[in-house]
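First the structure, in the form of structure tokens, and then the observations on it.
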Ligand code: AMP
Ligand code: MG
């Protein structure tokens with residue numbers, strides 16, 4: 001998943017082996033979802049694009065189903081078929097580059113979640129060259145899966161973290177303090193979110209993967225309508241019971257911008273903290289008592 005993952009648990013003897021099994025779950029999912037590995041299930045789907053269906057596991061079907069759901073409710077702001085374009089920008093192989101405008105416009109023909117066909121155990125992409133990139137949702141899915149595993153093992157207190165996509169287990173009274181990064185980098189954090197146990201949180205930011213060319217900053221969250229970096233937000237945090245949903249929604253809201261983003265969060269009962277392009281901080285009503293903002 002190209003990020004650091006960690007599982008911290010508070011448990012009597014045997015806790016360490018449970019944590020290690022959790023790490024294996026991360027690795028197993030990585031193996032299925034990694035587009036940089038030719039044998040992964042997602043690569044199989046991508047390699048067969050426009051030609052035939054790929055038979056895949058339940059995890060791959062589930063994550064794609066969830067991604068399609070978020071695409072629908074975000075009106076396409078979230079779209080895992082953005083891969084054809086993210087690849088051109090070098091956000092997949094890590095060799096960042098500014099593509100030719102004409103090239104981006106052409107590749108947009110391959111971006112449309114409605115061209116993902118899914119059946120009981122098979123996935124097919126409609127057009128040759130379509131390319132799925134799960135970068136915006138895979139961490140959340142993995143965190144949820146590890147969470148479920150720890151629950152079945154009877155773990156009573158834990159924090160699972162995949163590159164800032166976090167879910168916790170704890171008693172009703174336990175509140176977790178999560179720092180929200182300052183996208184400008186001037187401060188370490190803009191404030192602290194008090195997160196109840198059992199909730200998940202995820203953040204998307206323009207500071208995570210980017211490059212600067214001729215004085216212009218280009219980051220990794222692309223607007224599927226234009227193929228260029230979305231420019232209405234600098235950072236978006238989402239709180240939800242599902243880490244999958246928090247992860248995908250933070251990306252979706254980042255693309256939608258503060259106004260429609262806040263509206264979407266409200267509609268599905270998620271919480272959000274949005275830092276817009278002018279560094280204004282917008283907090284959804286349901287998080288107002290939980291987010292403590294640091295004064296300048
Ligand atoms: P996140 O950090 O969760 O917001 O995910 C960002 C990653 O998701 C990028 O590095 C791309 O791999 C992918 N991505 C970029 N734009 C989109 C989009 N509009 N919809 C879905 N995935 C995207
Ligand atoms: Mg995300």
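Scanning the range 124-138 for residues that are within 10 Å of residue 46 (Cβ to Cβ) and away from ligand 2 (no atom under 16 Å from the Cβ) yields 125, 129, 130, 131. Assess whether residue 206 counts as being in contact with a strand residue (DSSP E or B) (Cβ under 8 Å, 6 or more places away or on another chain), at pLDDT 95 or above, over 19 Å from residue 161 (Cα atoms) and within 16 Å of ligand 2 (Cβ to nearest atom). Criteria met by residue 206.
When the range 191-208 is filtered for residues that are over 18 Å from residue 140 (Cα atoms) and either within 16 Å of ligand 1 (Cβ to nearest atom) or surrounded by fewer than 22 Cβ atoms within 10 Å (Cβ to Cβ) (or both), the ones remaining, listed by number, are 191, 192, 194, 206, 207. Cβ separations smaller than 6 Å between residues 6+ apart or across chains give the following pairs from the range 239-262 residues that are free of Cβ contacts under 8 Å to residues at least 60 places away in the same chain and closer than 23 Å to residue 177 by Cβ to residues that are more than 10 Å from ligand 2 (Cβ to nearest atom) and assigned to a loop (DSSP other than H, G, I, E, B): 239/199; 240/270.
Residues that are within 13 Å of ligand 1 (Cβ to nearest atom), over 22 Å from residue 187 (Cβ atoms) and crowded, with 24+ Cβ neighbours inside 10 Å within the range 231-244 comprise 243, 244, listed in sequence order. Scanning the range 260-292 for residues that are in a helix (DSSP H, G or I), under 20 Å from the mean Cα position of the chain (by Cα) and loosely packed, with under 15 Cβ neighbours inside 10 Å returns 263, 266, 267. Please work out which residue is surrounded by the most Cβ atoms within 10 Å (Cβ to Cβ), limiting yourself to the range 3-43 and to residues that are within 17 Å of the chain's Cα centre (by Cα) and part of a strand (DSSP E or B). Going through the qualifying residues, I end up with 5.
The values are calculated or read from the model by the stated rules, or taken from the named source; none is laboratory data. All values derive from a computational prediction rather than experimental measurement. All Cβ positions, glycine included, derive from the backbone under ideal geometry; neighbour counts span all protein chains shown.
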